[in-house]
Every structure is written in structure tokens, then in C-alpha cells.
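Working notes, beginning with the structure itself.
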Amino acid sequence: MELETVEQTPHHAHPLMRTGEVARLFRVDPSTVIRWAQKGKFQCGRTLGGQRRYLRSEIEALAEADGMGMIWP
């Protein structure tokens, strides 16, 4: 049996972000991120388990438009 090497992508390269990641980026509470999404500031999708996911490209564009620098752990 031959093993295949799997290349990991950096965490910040993933196209979707979790609520906590978005909250850290904007330096707000996760409940604020959920409220923003409910009010239409940006879109979010849901996993089968009900967790929210946000498009990284949309969040980054919003952060740059708001004059925020990127904050990556």
C-alpha cells in the first residue's frame, strides 16, 4: 500500500471563516458577527450541524473597506 502525501493549506487560505474568526478580525463579540449577518452586512451559510460560515473574500473586502488591517493569529 502506497501512502499519499497531503499538503496542508495555511489556515488563512481557507475560503470559509467561522464566526469566532470573523469576530477576532473585527475585534467584536461573536454575537455581534451573527447580528451583522442577520442584518445583511454580509452573507453566511450554514453547515449541516448549523454552524455559520462566512466567505473569507467577502469578510476581507469588508474589513478593508472599513479601513481595518488584517489580524491573523
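Amide H contacts for residue 16 (H built 1.01 Å from N in the peptide plane; partners 5 or more residues away or on another chain; cut-off under 5 Å): 56. The percentage of C-alpha pairs in segment 14-65 whose separation is greater than 18 Å is 18%.
Values quoted throughout were computed directly from the atomic coordinates according to the rules given, and no laboratory measurement underlies them. All of these numbers come straight from a predicted model, not from anything done at the bench.
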